[in-house]
1. Treat each spin label as a single point 7 Å out from the Cα along the C-beta direction, and report the ALA17 to ASP108 distance in nm.
2. Amide H of ARG83 versus every other amide H placed in the peptide plane: which residues, excluding those fewer than 5 positions away on the same chain, fall under 5 Å?
3. Any idea of the accessible area per residue across the chain, 1.4 Å probe, to the nearest Å²?
4. Give me the number: length gained by fully extending GLU128 to MET54, i.e. 0.36 nm times residue separation minus the C-alpha to C-alpha distance, one decimal in nm.
5. Using the per-residue mean of other Cβ atoms lying within 10 Å as a proxy for protection, in what order, highest first, do the peptides 86-93, 37-44 fall?
6. Quick one: which of 3-15, 45-57 comes out on top by average Cβ neighbours within 10 Å, and what's the full order, highest first?
7. How much length would be gained if the chain were fully extended between SER2 and ARG41, taking 0.36 nm per residue of separation minus their Cα-Cα distance, in nm to one decimal?
8. Hey, if you put +1 on the Cβ of every Lys and Arg and -1 on every Asp and Glu Cβ in the chain, which of SER97, MET107, ALA66 ends up farthest toward the positive end of that dipole?
Amino acid sequence: MSVHVYIVDHPLTEAAAWQVPTGAGAVLCFEGIARPHEDDRPIKALDYEAYQPMAERMLRRIGEEAVAEHGLLGLCVEHSTGRVAAGECSFRLRIASAHRKEGLAAMDQFIDRMKQVVPLWKQAVYVE
């Protein structure tokens, strides 16, 4: 089992290096992209902040829980801080599992839990 966590101070471009665990029959990837609208208003960007030590700990804990509960082979999560322009990637979650069903269930659960407990905040930068 492997859980990798990366918080970076820029939009996500290329995925961080991750060796897919042996035995994976499914590798799933979800990318969160900054939408061009927030609250029905056009935006230029989202500004992300994090309490980084705690955010890293919580992301790792949620990942370890997902691995244990769903029998995953590995998980890699990346999240941006700083300014992320509309259309750019701010979040990436990759999951390796023996089969797709447990990977899909874990992905949905991880993202919901992250939004509930991880100290990450975003502020829209609206078009003037």
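The values are calculated or read from the model by the stated rules, or taken from the named source; none is laboratory data. Every value quoted in this text rests on a predicted model; they were computed, and no experiment measured them. Reconstructed Cβ throughout: ideal geometry from the backbone, glycine too, with neighbour counts over all protein chains shown. Side chains are part of the model used for accessible areas, which takes the heavy atoms of the whole protein and leaves out ligands, DNA and RNA. Shrake-Rupley method; radii C 1.70, N 1.55, O 1.52, S 1.80 Å.
1. Label at ALA17, label at ASP108, 3.5 nm between them.
2. Under 5 Å from the amide H of ARG83: TYR48.
3. So the chain comes to 57 Å² accessible per residue, rounded to a whole number.
4. 23.2 nm
5. Ranked from most to least packed, the peptides come out as 86-93, 37-44.
6. 45-57, 3-15
7. Taking 0.36 nm per residue and subtracting the Cα distance, the gain is 10.0 nm.
8. Positive-most Cα among the choices belongs to SER97.
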